[in-house]
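The structure under discussion appears below in the form of structure tokens.
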Amino acid sequence: MSKTIMTPYAQEAEKGYDFRRAMEEASRCLLCYDAPCSEGCPAGTDPAKFIRSLRFKNVWGAAETIRENNPLAGCCADVCPYDNMCEKACSRSGIDRPIHIGKLQKFLVEQEKEENMNFMKPGEPNGKRIACIGAGPSSLACARELARNGYAVTIFEANEKAGGMLTYGILPSRLPQKVVDFDIETIRQAGVQFEFNHKVDRDELERLKKEYDAVYVGVGLWKAKDVTIPGAELSGVENALSYLKAARNQDQDFKVGENVIVIGGGDVAMDCVSTAKQLGANAVIVYRRTIEEAPANMEEVAAVQKMGIPIFTQFAPEEILGENGKVTGLKAAGRDGYSSLILKADQIVFAIGQEQTDEFAGLEKEAGVFTGGDMLYGRGRTVVEAVADGKQAAADIAEYLK
Ligand code: SF4
């Protein structure tokens, strides 16, 4: 069992809405004819439609709109950067503040679960078989769309659980596992089969291509980028994904340092530093650009700041300092070209991005083989963008098999 580590932001998010508060918020909606909020969602979730249903107290209809459009509706409700998507587009912003679309979505997904609404059912079998490699967000979305349209879909996943980054790369405080598990349960209800602990390599891909009518490869980016500065080989230098996975699973050999430096300015860096802090470390962030340039969700940055974690901006790591094979500190160079920084550390976590694992590097596009998600773009993207990719891949596969 993973231990839930609560950040202040997560505690706030956990509170959620009750029915009265949800109705109050929905009643602020202007029911816009052109609904810019709906245009603002990459995955095609239709806030205008579900908020309209909610206003008329049609909770089931509202929840169904969300689930139909977004296979990972619960996860998106917790981790979507709403302020850059649907809420940014909301017309109500011009009057006072945007509708809290994310909180309404969270409320409705909770109702769906509590009321056992069970919207998902397998489609009428059409005799076609699809293999999806990887059980991350894009693959899950692709599989669900196909299964509910009658395709027999099997997902092959190297880990023991589905969810990819949702399960192994995001803190439970930001995205509780029960939320991920519920979304995956609805995907199962649509008829998707899973084979866990099943790593597919290039040889097996060849076999799957013969056995299945189409194969979707959405394996994400799981290889940490190489750290190339002097000292990278020292004990105490960690990569973010292994760090989070070990902390989240409470691995026996996982030990948080006393003085931890996290390098990076994305959400993963914020998750790593929050984890280290909450496990008792003196944790800091070192980031090579300004905070305004950081790719992290600003609510996450604010949560980190509220925890009293220092963020050293505009300093790039230059050398990892060590003694007897172990990390003792970090030397970083200022962006201005003349300042420098030396910080004490016994653990340095690099959250500087991931790349494709070797098995699928250079995978060519060919008939019957489709790719999507982060591996297609070569960088981590939001969950909702991965859902959009998976839905698009499902449409492409259906078109190909017509
Ligand atoms: S843009 Fe805002 S106010 Fe208009 S329909 Fe969407 S949520 Fe309602």
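Computed from the coordinates by the stated procedures, all read-outs in this text should not be read as laboratory data. Keep in mind that what you see is a predicted model, and the values were worked out from it rather than measured. Every residue, glycine among them, receives a Cβ derived from its backbone with ideal geometry; neighbour counts consider all protein chains shown.
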Charge dipole of the chain about the Cα centre (unit charges at C-beta), most positive-ward option of SER53, ALA386, ALA367: SER53
Estimated distance in nm for a label pair at ASP226 and MET307, the labels positioned 7 Å out from Cα along Cα-to-Cβ: 3.1 nm
Net dipole in debye of the stretch 19-114 [+1 Lys, Arg Cβ; -1 Asp, Glu Cβ; about Cα centre; nearest 20]: 300 debye
Cα gyration tensor of the stretch 79-231 - equivalent ellipsoid semi-axes, whole Å, descending: 31, 24, 15
Karplus-derived HN-Hα couplings along the stretch 153-170 (A = 6.51, B = -1.76, C = 1.60, θ = phi - 60°), whole Hz, x at Gly and Pro: 10, 10, 9, 9, 10, 6, 7, 8, 9, 8, x, x, 4, 5, 8, 10, x, 10
Nearest-20 debye value, the chain charge dipole, Cβ charges on Lys, Arg, Asp, Glu: 840 debye
Range in the chain, longest, excluding exposed GluC sites (Glu not before Pro) [loop by DSSP; at most 14 other beta-carbon atoms within 10 Å]: 1-114
The stretch 83-162: chymotrypsin sites (Phe, Trp or Tyr not before Pro) in DSSP coil with no more than 16 other Cβ atoms inside 10 Å: PHE119
Using a Förster distance of 25 Å, the FRET efficiency for PHE254-LYS326 (Cβ separation, nearest 0.05): 0.90
Anchor LYS365: lysines whose Cα lies under 23 Å away (excluding residues fewer than 8 positions away in-chain): LYS128, LYS199, LYS209, LYS210, LYS223, LYS391, LYS402
Distance between modelled label sites at ARG55 and ASP201, nm, 7 Å Cα→Cβ extension: 5.8 nm
Reference-scaled alpha-carbon Rg (2.2 N^0.38 Å with N residues) for the stretch 226-352: 0.98
Acute angle (nearest 10 degrees) that the helix 59-69 long axis makes with the longest principal axis of the chain, alpha-carbon atoms: 70 degrees
For the chain, share of DSSP beta bridges that run antiparallel, in % to the nearest 5: 35 percent
The chain - mean residue ellipticity at 222 nm from DSSP helices (-39,500 (n - 2.57) per run, n ≥ 4, rounded to 500): -11000 deg cm²/dmol
D_trans [Stokes-Einstein, Kirkwood Rh over alpha-carbon pairs] for the chain, 25 °C, 0.890 mPa s, µm² s⁻¹: 110 µm²/s
Cα-based Rg / Dmax (Å) for the stretch 19-114: 11.8, 35
Length released on extending from ARG97 to CYS32, taking residue separation times 0.36 nm less the Cα-Cα span: 21.9 nm
FRET E, pair ASP336, GLU24, Förster distance 41 Å, beta-carbon r, rounded to 0.05: 0.25
Residue of ALA35, ALA386, ALA73 that the Gaussian network model of the chain assigns the largest fluctuation, springs spanning Cα pairs under 10 Å: ALA35
